[in-house]
Amino acid sequence: MFRLILSCRAVGVVLLATVLLTPAACARPEAPAGRPAATAPSHPRSDEGLATVAGAAPAGAVVSLQPAGGPPPAPADPAVIDQRGNQFLPGFLMIQSGQTVEFRNSENLPHNVFVAQRRTGRTILDVSTDPGQQHTHTFDRPGEFEVSCNIHEGMEATIIVTASPLAAVADAQSRFAIRNVPPGGYTLVISDAGSPTESELAVMAPLTEVGPSSRLK
């Protein structure tokens with residue numbers, strides 16, 4: 001305590017000799033109101049009353065939550081992958097099984113859409129798309145698919161199809177987060193290298209964490 005007071009006085013002499021310093025003057029200032037003092041990353045927040053399900057899974061694994069009453073119907077509107085600037089946009093798309101994808105060519109070059117199943121290499125789609133043309137395909141079962149153009153090397157995209165719209169892919173740090181999950185009972189499905197594992201999971205708001213063994217922490 002004595003050394004701390006001397007240190008504060010030394011600073012006080014430099015700044016203003018008549019300033020009376022107290023131990024409180026040596027304290028670290030608090031973070032401004034509304035700004036968190038900690039810098040550790042937090043899980044993405046969900047809307048009020050809904051939960052975020054987050055945790056660990058093998059990097060690249062597809063994680064999904066199957067509601068006890070079954071998944072809702074697939075969206076009626078198609079998802080879109082466009083061909084522009086010699087790219088597929090977006091380069092990553094996650095959809096629900098039963099949903100249609102519309103492949104568009106929005107530039108003045110001919111392209112091709114070649115879709116193959118990632119694990120088996122089986123061809124799902126192989127069509128030409130002339131400028132301004134579009135082609136639709138319905139993905140009727142879960143899986144991981146690679147998209148490419150046989151005309152232009154380097155044009156690539158990935159489509160992940162899950163049975164439930166509540167899904168995510170674990171990142172390179174083996175972390176995942178699924179937002180806006182209604183509380184209740186679910187089957188947690190973790191598919192790694194095509195091998196799914198399932199476990200029961202009770203989801204509670206605002207945050208439900210899942211460990212590496214697919215159990216609640």
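Note on Ile151, Ile95, Ile178: ascending count of other Cβ atoms within 10 Å places them as Ile151, Ile95, Ile178, the fewest first. Counting neighbouring beta carbons within 10 Å and listing from fewest to most, the residues Met155, Met94, Met204 come out as Met204, Met94, Met155. Taken along the Cα-to-beta-carbon direction at a fixed 7 Å, the label points for Ala59 and Asn86 span 2.9 nm. Projecting the Cα atoms of Asn108, Val147, Thr120 onto the dipole axis of the stretch 99-151, where Lys and Arg carry +1 and Asp and Glu carry -1 at the beta carbon, places Thr120 farthest toward the positive end. As a length-normalised measure over Cα pairs under 8 Å and 6 or more apart, the relative contact order of the stretch 72-162 settles at 32 percent.
Once the Cα-Cα distance is subtracted from the 0.36 nm per residue extended length, the Ile151 to Val127 segment shows a gain of 7.5 nm. Each label point was placed 7 Å from the Cα along the Cα-to-Cβ direction; for Ala68 and Thr136 their separation is 3.6 nm. As a rough footprinting exposure proxy, the listed residues Asp171, Asp77 were ranked by other beta carbons within 10 Å of their own, and the order from fewest upward is Asp77, Asp171. Here's how it looks for Ile124: its modeled amide H is under 5 Å from those of Val115, Ala116, Gln117, which are all 5 or more places away or on a different chain. Relative to the 2.2 N^0.38 Å rule of thumb, the stretch 93-173 has a C-alpha radius of gyration ratio of 1.14. In a DSSP loop and with at most 13 other Cβ atoms within 10 Å, the GluC sites (Glu not before Pro) in the stretch 70-165 are Glu153. When its C-alpha radius of gyration is set against 2.2 N^0.38 Å (N residues), the stretch 59-217 gives a value of 1.14. Extending 7 Å from Cα along the Cβ direction at Gln173 and again at Ala193 yields two label points whose distance is 2.5 nm.
Computed from the coordinates by the stated procedures, all read-outs in this text should not be read as laboratory data. This structure is a prediction, so every number in the text was calculated from the model and none was measured. Quick reminder, even Gly has a Cβ in these numbers, built from the backbone with ideal geometry, and neighbours come from all protein chains shown.
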